[in-house]
Amino acid sequence: MGSAASSLQVQCSDGSLALADARASDLIKRRVSQRRQMFSVQAASYSLGALVLLVYSYAGTVSVVIPSTYFLSGLSLTGFFVVLSETGFNDRFEDHYLTIFQMGCNVALQLGFLMAAPEIGYTFLSVLFLIFGFGALRMTSQQAIAVWTLTTLGLAPIFLLTDLPIAMPVSTPAERAAAMLAFVLTIGQCAFVGLYGSSMRKMLYNRSSELKAANRRIEELAELDELTGSFNRRCIMHVLDEEVVRAHRGNTPCSVALIDLDWFKRINDTYGHPTGDEVLRAFAITVFANIRPIDKFGRYGGEEFLLLLPETSGEGAARILYRLRAIIADLDWSAFSPGMQVTISAGVATLKPNETPDIILARADSALYAAKARGRNRIASA
């Protein structure tokens, strides 16, 4: 037996580890996929930037070396982070995008080309807005402050300590076309960033809604008896406490009833536990169909159930229980098994001044005991 138990524990442990490994693997795959999308966008952005620089090269504003070097540098930088991502290096960090490092490297690249080709410097400065736009989707406030400070420290010497002629040339039609293209592409990419951020917010909202629904479902499952759909013992006892407090505070009547299915053990022994479960389920459904919306019904234990009747006097509670007893007795239980007959006994108690939940429940239990002692299939009041 010891070895069997050990084997079972190992199997359970292996199963849990396998499930954990599968979830971790799925998470890593999802992260890698997200990063690949981001790297694709970066590569496309550098390609569009190089296109603008090619127009300037065609216009004779800059050497063809500038657009070709810019394109290769951008792709090389993106490729470097792709290699880190594909080898799993990023997944060692909480920020698996390595946001600060990516932004720092891309900002440094733009500032380098700003100094190399200041005569078209506005094109590189405009890319900074895109870098911060994409970074803002992933950065924390501390990261944003850090990157903004580093960028400022990079720009300040260029503008304040050098006399580089940072310009936006528009002297020729080709240069004007390049300037227009630069602005159009920058605006388009900014719009894309906004749409991407909007889709992320929508996705997060949907996931939040799904999580709330799942939490509500978990709370319901924690409150309900799995077999009958009624409140479980813990929940119905909590509701009893609340109803007693409410009744005392409002000086309103409140009654409780403990209900027991007569000879239920015989039903299980004679017809089997599956049939017994169906009987319990049918009984609970019948009660739900014949009580008020304000009434509360829960499984107290086994075949015993607790029915709370707020704003109900002793006479009113007795009438409700007598009607339930008759309805249960008149049901065609032979549908479960030929010759089956099911009845209930119940003890009813009405709350007295300053009475606690334990006391009224004890009185209802005593009344139920009396109903059983008198032959069952009857209602007794305490």
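The values are calculated or read from the model by the stated rules, or taken from the named source; none is laboratory data. These numbers come from a predicted model, not from an experiment. As a convention, Cβ positions derive from the backbone with ideal geometry for all residues, glycine included, and neighbour counts pool all protein chains shown. Note: areas computed on protein heavy atoms with side chains; ligands, DNA, RNA excluded. Shrake-Rupley method; radii C 1.70, N 1.55, O 1.52, S 1.80 Å.
See the values below:
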read-out	value
Simple Cβ-charge dipole of the chain, Lys/Arg +1 and Asp/Glu -1, about Cα centre, in debye nearest 20	420 debye
Cα-based Rg / Dmax (Å) for region 100-252	29.4, 91
Helix-only [θ]222 nm of the chain, DSSP H runs n ≥ 4, -39500 (n - 2.57) each, per residue, nearest 500	-24000 deg cm²/dmol
Radius, Kirkwood style, for region 318-382 when every pair of distinct Cα atoms is counted (Å)	12.9 Å
Cα-derived Rg to Rh of region 72-172, Kirkwood definition	1.03
Diffusion coefficient, µm² s⁻¹, Stokes-Einstein with Kirkwood Rh over alpha-carbon pairs of region 14-126 at 37 °C and 0.692 mPa s	206 µm²/s
Qualifying lysines (Cα of each under 17 Å from Cα of Lys372; at least 8 residues distant if same chain)	Lys265
Per residue convex hull volume, Cα atoms of region 206-337, in Å³	132 Å³
Percent accessible area from carbon and sulfur atoms, the chain, protein chains only, probe 1.4 Å	62 percent
Accessible area per residue, Å², region 187-329 with all protein chains present, probe 1.4 Å	56 Å²
Most positive-pole-ward Cα, Thr162, Asn106, Phe129, against dipole of region 98-226 from beta carbon charges	Thr162
Cross-link partners of Lys212 among lysines (Cα-Cα below 20 Å; sequence separation of 8 or more within a chain)	Lys202
Given charges at Cβ of Lys, Arg, Asp, Glu: region 239-355 dipole, positive-most of Leu306, Leu331, Gly316	Gly316
Orientation-averaged projected area, Cα convex hull of region 260-382 (nm²)	7.4 nm²
Helical segments meeting 18 Å axial Cα length and Kyte-Doolittle 0.0 threshold in the chain (DSSP H)	2-59, 65-86, 99-116, 121-136, 141-160, 173-223, 273-289, 314-330, 357-373
Equivalent ellipsoid, region 178-273 (semi-axes from 5 times Cα gyration tensor eigenvalues, Å)	60, 23, 6
Projected area averaged over orientations for the chain, convex hull of C-alpha atoms, nm²	33.2 nm²
